[in-house]
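> What follows is a single structure, and I will ask about it in a moment.
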Amino acid sequence: MSTSAAGGRAEPAPDLVTLRIVLEAPPPGVDFGIQQGRGSIYETIAKQRSAGGDLSFEFEVDVKSGPREPTDFGGPIVQGPRGARFVYARSAKA
């Protein structure tokens, strides 16, 4: 368990789940990756150059759940507001 800075309450540490995104036959000669970070402060990680076949990306995200709240996802790769989370698979500069 981790301890919250406010009030010293113990909060459960988030669980992790591994996700896989498969880009099916993206255009050859283009770099693709996963966005880590938000807004203008981000980097493209796990870059791969397409050769015409499928590209696969695996990464971990936090899973947060509680008795009174629906399951939610978080971490530096997860984007969007609660209830509408997503991950960017993007083309990257060579």
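> If you go through the range 15-26 one residue at a time, do you hit one that is at pLDDT below 90 and surrounded by 11 or more Cβ atoms within 10 Å (Cβ to Cβ)?
No, that holds for no residue.
> So, one more: Restricting the search to the range 51-87, which residues are aromatic (Phe, Trp, Tyr) and either surrounded by 12 or more Cβ atoms within 10 Å (Cβ to Cβ) or touching a helix residue (DSSP H, G or I) at 6+ places or on another chain (Cβ under 7 Å) (or both)?
Hits for the range 51-87 are 57, 59, 73.
> Shifting gears a bit: Under 9 Å by Cβ, and 6 or more places apart or on different chains, what pairs join a residue from the range 68-81 that is under 15 Å from residue 15 (Cα atoms) with one that is surrounded by fewer than 16 Cβ atoms within 10 Å (Cβ to Cβ) and polar (S, T, N, Q)?
71/65; 72/65
The values are calculated or read from the model by the stated rules, or taken from the named source; none is laboratory data. Just so you know, these numbers come straight off a predicted model, no measurement behind them. Every residue, glycine as well, gets a Cβ built from its backbone with ideal geometry; the counts of neighbours run over all protein chains shown.
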